[in-house]
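Q: I'd like to ask you about the structure that follows.
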Amino acid sequence: REVTVVGKHCESGDVLVRDLPLPADVRPGDLLAVPASGAYQRSMASNYNHVTRPPVVAVRDGAARVIVRRETEEDLLRLYV
């Protein structure tokens, strides 16, 4: 089936991919790997709206490893005095 993939990136109306064919067995909570998401890449990421940045994951020959860890709420709050 064709779906539109949206996400919590910058604004509530952000769309990553329109009319993407996905297998019928994809369910809420499943993870989708998106190789590029425009201005939302790590180099342009910010904490606008206090949204934590996702991890950066490298994939090679079917093996994945985290090369930059996911930000936590604690990371955001540690800047406050």
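Q: Among the residues of region 14-32, is there at least one that is modelled with pLDDT under 75 and either open to solvent by 60 Å² or more (accessible area, probe 1.4 Å) or not polar (S, T, N, Q) (or both)?
A: no
Q: Still on this model: Please verify whether THR72 is surrounded by 10 or more Cβ atoms within 10 Å (Cβ to Cβ) and at pLDDT 85 or above, treating the condition exactly as stated.
A: yes
Q: Go through the residues of region 37-48 one by one and say whether even a single one is open to solvent by 80 Å² or more (accessible area, probe 1.4 Å) and part of a loop (DSSP other than H, G, I, E, B).
A: No - not one qualifying residue is present in region 37-48.
The values are calculated or read from the model by the stated rules, or taken from the named source; none is laboratory data. Keep in mind it's a predicted model, so treat the numbers as computed, not measured. Cβ atoms come from the backbone with ideal geometry, glycine included; neighbour counts cover every protein chain shown. Ligands, DNA and RNA are excluded from the accessible area calculation, which covers all protein heavy atoms including side chains. Shrake-Rupley method; radii C 1.70, N 1.55, O 1.52, S 1.80 Å.
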